[in-house]
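I have placed the structure first, in the form of structure tokens, so that the comments after it can refer back to it.
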Amino acid sequence: MHDGNVYVIKDGRVEIAKNGRQPKDAMLFGSSRKTPAQALREQAERIRQSCSFVQSRLVLATKRD
Amino acid sequence: MAIKTKMFLSSVAQDDFSRMRRHVFAELEALGHEPVMFEANMGPWTHDRDPIRQCLDAVRSSDIFLLFLKDKAGTYRQDAKRTITHLEFLQAFTSQKTILAFVDESVLSHYFKRAKRLIAEFTATYLADYRGLPGPEQLMEELSRDKELPGHVDPYVWFFLDDLVQRGIYCEPLSSGVSPDWKSYFSDLLRRGTLLLPLARDMDQNARLARQYADLTELASSLVNTLHIGGFRQIDRFLSVVRANIKSGFISKRYGEYIEEDVGELLECTAVTLYRQQDGNMLLQGKTGAADGEPFYPVEDQQSFVSRSYQSRGSGDYLIFYKEDKKIFYFCIPVKEYVMTLHFPAGGTWTAQTFMLFYEDIIHGIIDKNPLLLELIELILGGVADA
């Protein structure tokens, strides 16, 4: 479905919306491949990286020779 | 034994900086720190060692990055589209070093009085025309045409300064011939550090908990995927909880790492509906809030966003619909036989044109604000549909 196009539903027909000049009552729609699972994975990865960084700094900040 | 603080001195190789660099180096050394400076103690320089790489490594192994900036930009690297001093700064920033930036007071004053606004205006025009950020060369060309900026300042200096400011680096004005009051700076740094150091155990504990949260969200997704879920006990209550917890707000478009533009606002979710396909029709299963949809739509109904979303099920796509006369966005989640729709009124001045430009940013914005809740909804609907 996701093809980078915006579609418009007019009079029961679906067509590619070529520009923003559409009737006010027209229904526009588009889609995206991004999923919550993907967003969660990215968030989890960021959290892990940040935790590792904070903990490695804590080791350096509290160590004594 | 105490470990000395390693401080990297970064500046353009500019004649009137040489004396100051030597002076600062000596001052820092006298205060008991370990200054690092290209011309003083960064050797030995062997033929197989790239000097830029050596500088960047020295930045990475330092504790504090001291930047001095005046009217000269220094050597511009075409491959990196940055000067070497700028690359050193970027290394310090990405390595999350403490950065102290000192900028000639006259240059800093001209930046805030004029260059900052010129860069913002040129960037905004460029964004509107090309949907991307201008590079340093386009910006330098534009800034070099300005007659009110002092001609002796290299245009790249404005670009560099703007990068510092955009990244939230505080720039201290540097008067000619006056050395910074290092004792005060380091006393302030000591104060800030000593506020945090006693919290080291709490920070460590919080980092462990955050990692557990990251693990749990991924584990929950994997485990719920393996279940059959019996069905809804209180469907309207389920939808009410979804509606109360879904987050809306400003939708922004990102350009690069630090620039983002708010393109519009989604107001608080006003309604949630749930339809299920049965015998060629999408039947309303429950709703909460101000939804005025029909009790059913034929699956082939092209006018209905519920039917339209159902037709795209299995593609893994989320859909966003917009009606300008109602000023409402309909965010549809098609999962197997179900379609859940979240209704968000459009805040501000959304039009068909802006919807066409930013529809993917709207979908990404909703997902990024609600990843856990949407993932849970998808898993539950998938589990219920299989029951």
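Quick note: the coordinates plus some simple rules give every number you see, no bench work behind them. From a predicted model like this one, the values you see are computed outputs, not experimental measurements. Cβ sites come from the backbone with ideal geometry, for glycine too, and all protein chains shown count toward neighbours.
Remarks
- Order of B:S109, B:S248, B:S184 - criterion: other Cβ atoms within 10 Å of each residue's Cβ, fewest first: B:S184, B:S109, B:S248
- Separation between Cα centres of region B:234-288 and region B:314-386, rounded to whole Å: 6 Å
- All-pairs alpha carbon distance profile, the protein assembly as shown, 20 Å steps from 0, percent: 20, 40, 30, 10, 0
- Angle in degrees between helix B:155-166 and the longest Cα principal axis of chain B, rounded to the nearest 10: 50 degrees
- The share of alpha-carbon pairs in chain B lying farther apart than 30 Å comes to 58%.
- Global form of region B:89-128, assessed from the alpha-carbon gyration tensor, a/c cut-off 1.5: oblate
- Max mean-square fluctuation residue, GNM over chain B, Cα-Cα springs under 10 Å, options B:Y130, B:Y170, B:Y76: B:Y130
- Proxy reagent accessibility, fewest Cβ within 10 Å first, across B:H86, B:H110, B:H33: B:H33, B:H110, B:H86
- Å³ per residue enclosed by the Cα convex hull of region B:1-127: 142 Å³
- Packing-based exposure ordering (other Cβ within 10 Å, fewest first) of B:H364, B:H228, B:H343: B:H228, B:H364, B:H343
- Under a Gaussian network description of chain B, with springs only between Cα atoms under 10 Å, the residue in B:L209, B:L164, B:L267 that fluctuates furthest is B:L209.
- Selected from B:M20, B:M203, B:M282 as most flexible by GNM, with chain B as the system and alpha-carbon contacts under 10 Å: B:M203
- Prolate/oblate/rounded call for region B:149-214, Cα gyration tensor, a/c under 1.5 rounded: oblate
- The count of lysine pairs in region B:6-180 whose Cα atoms are under 21 Å apart, excluding pairs fewer than 8 places apart on the same chain, comes to 12.
- Computed [θ] at 222 nm, helices only, for chain B once each DSSP H run of length n ≥ 4 contributes -39500 (n - 2.57): -14000 deg cm²/dmol
- Listed by chain and number, the lysines whose alpha-carbon sits under 28 Å from that of B:K287, ignoring those within fewer than 8 places in the same chain, are A:K10, A:K24, A:K34, B:K247, B:K323, B:K326, B:K327, B:K336, B:K369.
- Between helix B:182-196 and chain B: long-axis angle, C-alpha atoms, 0 to 90°, nearest 10: 30 degrees
- Averaging the sequence gap over all C-alpha pairs within less than 8 Å and six or more residues apart, then dividing by the number of residues, gives chain B a relative contact order of 11 percent.
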